Amino acid sequence: MATNAQRYCNELYRRIVERNANEPEFHQTVQEVLSSLVPVLDKNPEYIELGIVERIVEPERQFIFRVPWMDDTGKVRVNRGFRVQFNSAIGPYKGGLRFHPSVNVSIVKFLGFEQTFKNSLTSLPMGGGKGGSDFDPKGKSDAEVMRFCQSYMTELYRYIGPNTDVPAGDLGVGGREIGYLFGQYKRIKGGYENGVLTGKGLTYGGSLARPEATGYGIAYFCQEMMKSKGTSFDGKTVAVSGFGNVTWGTVKKINELGGKVVTLSGPDGYIYDPDGITGEKVEYLLEMRASCRDRVEDYADQYGVMFNPGEKPWGVKVDVVIPCATQNEIIIDDAKKIVSNGVKFVCEGANMPCTNDAIEYFIENGVYLGPSKAANAGGVAVSGLEMSQNSMRLAWSFEEVDVKLKTIMLNIYRSASKAAEDYGYKDNLVVGANIAGFIKVAEAMKAQGSV
């Protein structure tokens, strides 16, 4: 029989879908989180009575704006810009900017909602936000990207600041874009507020280890998952998707930890390299990304390995699966292939890479699943450390940042694992991460009143 909390969550989800029509990604992440919170709400009904849950699923504010820019032929083009400031209960809004044709309100809201709990798990004082544009930097000249970034920041600057909202990079926004965005912000504001953006270059306030942070954090988190089951990366084969920054960092650290990554993927298909992606092959990923060709087949051409056009790597028989490409890249059929191959560990590197039914299938079949809001929090964790360095006007060494990152990822794993066990969901890190992230934000909201 459904409890009061279950009925409440069901009704709240129904209203969210009705109120936020045509936002499937946002519906998906809210449904996953609400289903995890039922035992918490049964035990702490004040979270319902005080409207904590209803407030936490509604952004504090969101902005949509036009971004006009001139291409190299002199033609004015117009894109749409977004920023969602989801929750500031535990700190200034913090979350990346994504430049990709798929960006829309649903994508930005799902990412901002996830970011709220991800940032909470790091234990650093950061709220949740996200933004971006449907602008595609692929195939654009540096001058075109610069003009777009300057136009985007000319609108965005009024909503952000070191103590208000601190964007970072995400898909399509790397060091080049962050540099152009920061330059325009500085020009408009007339002051050097380098804490307003993270992912900056080392010459103007960036942090060492930031490019590696998301991937390193994923590997550290997955290592803790395996350690809890009495094993490690040593001698394990790993299927990884994508070939961008997250994949690059993940592959580097897995190699250091004794594992062997044998796949990469792109929009065109996937490659299988039985010898492992090591040495110069890892650094070749940087060339592939910089080429803007968006083709993983280039790796196959370069190193003479198998390329499988139009397919995903989830049918390859490996020990560990780490999806690092994009949302919903593992659907139920992929999950069945992964389980049938005997995989016992799946660690989400991308944001929400598994559909909800795929997640359920993994858990039902004994796969130990590391959820993205916990496993890929290393990027925003080091962004938080970059903010700290900016505030203190100093810079830590790569080793110092890496040690802090490893400690944060270990603590995130322990928090998620303990929360799952405390609420009767042992080994369900999906539920554990949602609960641990939620409780910290909810307690802060409760203390601050109905705002």
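Computed from the alpha carbon atoms alone, the convex hull of the chain holds 141 Å³ per residue. Shape descriptor for the stretch 4-57: Rg over Rh equals 0.96 (Cα atoms; Rh from the Kirkwood inverse mean 1/r). Based on every Cα atom in the stretch 293-425, Rg and the maximum pairwise Cα distance Dmax equal 18.1, 52 Å. Taking Cβ separations below 4.7 Å as the criterion for a possible disulfide partner, the isolated cysteines in the chain are Cys9, Cys149, Cys292, Cys324, Cys354.
Shape summary of the stretch 1-106, radius of gyration then Dmax from alpha carbon positions: 18.2, 65 Å. By the Kirkwood approach, averaging reciprocal distances over each pair of separate Cα atoms, the stretch 61-192 gets a hydrodynamic radius of 14.7 Å. Please report, to two decimal places, log10 I(q)/I(0) for the stretch 212-370 at q = 0.10, 0.11, 0.12, 0.19 Å⁻¹ as given by the Debye formula with identical point scatterers on the Cα atoms and no solvent. Debye output, listed in q order: -0.30, -0.37, -0.44, -1.17. The trypsin sites (Lys or Arg not before Pro) of the stretch 222-289 meeting both criteria, a DSSP state outside H, G, I, E and B (loop) and at most 16 other C-beta atoms within 10 angstrom of the site's C-beta, are Lys229. Summarising the strand pairing of the chain, around 55 percent of its internal DSSP beta bridges are antiparallel. The fraction of accessible area contributed by carbon and sulfur in the chain is 50 percent, rounded to a whole number (1.4 Å probe; ligands and nucleic acids excluded). If I stretch the segment between Cys292 and Lys426 completely, what's the gain in nm (0.36 nm per residue apart, minus their alpha carbon distance), one decimal? Taking Cys292 through Lys426 to full extension adds about 43.9 nm, to one decimal.
Within the shell defined by Cβ-Cβ distances under 11 Å, the residues around Asp170 carry a net charge of +1, with Lys and Arg each +1 and Asp and Glu each -1. Each 10 Å bin from zero holds the following percent of Cα-Cα pairs in the stretch 355-416: 19, 39, 25, 13, 5.
Taking the DSSP bridge list for the stretch 1-137 and keeping only pairs wholly inside it, about 75 percent are antiparallel.
For the stretch 212-370, the share of DSSP beta bridges that are antiparallel, to the nearest 5, is 40%. A convex hull fitted around the alpha carbon atoms of the stretch 155-234 yields 121 Å³ per residue.
For the set Lys130/Lys373; Lys344/Lys440; Lys94/Lys130, the pairs lying more than 19 angstrom apart at their alpha carbons are Lys344/Lys440.
The values are calculated or read from the model by the stated rules, or taken from the named source; none is laboratory data. Keep in mind the model is a prediction, meaning the values are calculated, not measured. When we count neighbours, we look across all protein chains shown, and the Cβ atoms used for this are built from the backbone with ideal geometry, even at glycine. Surface accessibility is based on the protein's heavy atoms, side chains included, excluding ligands, DNA and RNA. Shrake-Rupley method; radii C 1.70, N 1.55, O 1.52, S 1.80 Å.
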